Structures are given as C-alpha cells and as structure tokens.
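Undergrad: My questions all concern the structure below.
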Amino acid sequence: MEEEKKIPEEVKNTSENIDELRLKLYETEKALNESRQKNHELEEYAKRMKASLENMRMEKDEELNYVASHANQKFVEKLIEILDDMERIMNNFKDRSNLDFVAFQLMYKKFKNLLEAEGLKKIETSGKFDPFEHDAVERVESSVNEDWDIVEVTQNGYKFRSTVIRPAKVKVAMHVEDHGNDNHLNEGR
C-alpha cells in the first residue's frame, strides 16, 4: 500500500496564498510607481532649481559688470576734465622744442593711452553733424560748406565703450542765401 501522501497545509491554501501574493504584488507595484513618479517630480524640480540658480548667477554677474562699468564710466568722466586741461596747457606752450613741453607731451600721451585702453574714444568730428554725438553750439554761415557740416570743434566729445558720455561741442555750417539775387527777382515783378 502506498503511503498516502499528505498535502501540506500551505499548498492546500494555495489559492488564498496566490490572492494574497497578488495583492502584495499590486501594492508593491503601486508603491514603486508612486516612488517613480515622485522621483520624476523631484528630478524636474531639481532641474528647475538648477536653471533658476544659473539664471540668478548670470543676473548677478550682469549686475556686477554693470556696476563696475558704471563706476569706471563715472571715474573716466572726471578724468576727461584733466585731459582737457592737459590739452589746453599743451596748446599754450610757446616753445614746443622746450624739454618741459616734450616731457609734458609724453605724460599727456601716456594718460590719453591709459584712458583709451579703458574704453574711452574721442568722438569723430569731421563730416556731418550727428545729434547723437554732437552738440551744435553755433551755426556759421558758409558758402563753401553744405548745411550741417561741422566747421569747428569747441570741445572734444567722448564715448566710454559705446556710450556717449560727453557730446562734442561743434559749430555747424549753414548755407548762405544770396539775398542780392532775391532782390533782383523782386524788382522784375
């Protein structure tokens, strides 16, 4: 007689175990999906925070550059007055072969080169009047120049990098009308 095999209790309750395992598997998958979703949300949040921090860093760098540039500009504006004084002194030297003049001229050139290296540029004053770079202080009648040609510079103008910090003060030509011909035309009427 064959021994009757006994079915273990755990196996007997297999259908109950399967249902229980399915439930645990479902709950585990649900928790895993929730964890993945939360992980994805945290990754997106971290990316946004990283981008936000990078933008803030760039804004701060721009602000610092602006402040430094503005401070340099204000300082250079003050130094332009010294440059003007130096030019007036050089123009008033009677003996240009004098060693004092030569030494002063060298000092002037060094000072001017230093300012130019920092971004100072003299505004061009040959040609036509440009209201963005020139300040017309006087109109001069001229028969040889066209209207709004610059005929004389009374004060040099300067740009610091691309910003006009002092417009050039200039005299501009104004066409001379021949009043004699107008009178002649009026007489014939």
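The values are calculated or read from the model by the stated rules, or taken from the named source; none is laboratory data. Just so it is clear, the structure is predicted and the values come from calculations on it, not from any experiment. Every residue, glycine as well, gets a Cβ built from its backbone with ideal geometry; the counts of neighbours run over all protein chains shown.
Undergrad: Could you go through region 125-145 and let me know if any residue there is in contact with a helix residue (DSSP H, G or I) (Cβ under 6 Å, 6 or more places away or on another chain), touching a residue at least 12 places away in the same chain (Cβ under 8 Å) and not in a helix (DSSP H, G or I). So that I can check it myself, show each step before the final result.
TA: Applying the first criterion (in contact with a helix residue (DSSP H, G or I) (Cβ under 6 Å, 6 or more places away or on another chain)) to region 125-145 yields none.
Within region 125-145, not a single residue is in contact with a helix residue (DSSP H, G or I) (Cβ under 6 Å, 6 or more places away or on another chain), touching a residue at least 12 places away in the same chain (Cβ under 8 Å) and not in a helix (DSSP H, G or I).
Undergrad: So is F101 surrounded by 12 or more Cβ atoms within 10 Å (Cβ to Cβ) and farther than 25 Å from H175 by Cα or not?
TA: Working: surrounded by 12 or more Cβ atoms within 10 Å (Cβ to Cβ): yes; farther than 25 Å from H175 by Cα: yes.
It is true that F101 is surrounded by 12 or more Cβ atoms within 10 Å (Cβ to Cβ) and farther than 25 Å from H175 by Cα.
Undergrad: Is at least one residue of region 38-58 at pLDDT 95 or above, under 30 Å from R161 (Cβ atoms) and of a type in the set (D, E, K, R)?
TA: Yes, region 38-58 contains a residue that is at pLDDT 95 or above, under 30 Å from R161 (Cβ atoms) and of a type in the set (D, E, K, R).
Undergrad: I would also like to ask the following. In region 73-110, how many residues are of a type in the set (S, T, N, Q) and assigned to a helix (DSSP H, G or I)? Steps first, please.
TA: Here is the first cut: in region 73-110, the residues of a type in the set (S, T, N, Q) are 73, 91-92, 97-98, 105.
Filter once more, keeping what is assigned to a helix (DSSP H, G or I): 73, 91, 105.
Summing the residues that are of a type in the set (S, T, N, Q) and assigned to a helix (DSSP H, G or I) in region 73-110 gives 3.
Undergrad: Among the candidates F93, F111, single out the residue that is of a type in the set (A, V, I, L, M, F, W, C) and over 31 Å from the mean Cα position of the chain (by Cα). Walk me through it before giving the result.
TA: Details: F111 fails: over 31 Å from the mean Cα position of the chain (by Cα).
Criteria check complete, one pass: F93.
Undergrad: Within region 161-177, restricting attention to residues that are outside any strand (DSSP E or B) and more than 15 Å from the chain's Cα centre (by Cα), which residue is modelled with the lowest pLDDT? Even if it seems obvious, please write down each step before you answer.
TA: To start, the set of residues in region 161-177 that are outside any strand (DSSP E or B) comprises 161-162, 167, 176-177.
Still in the running and more than 15 Å from the chain's Cα centre (by Cα): 167, 176-177.
Working: P167: 97, V176: 73, E177: 69.
Residue satisfying both the conditions and the ranking: E177.
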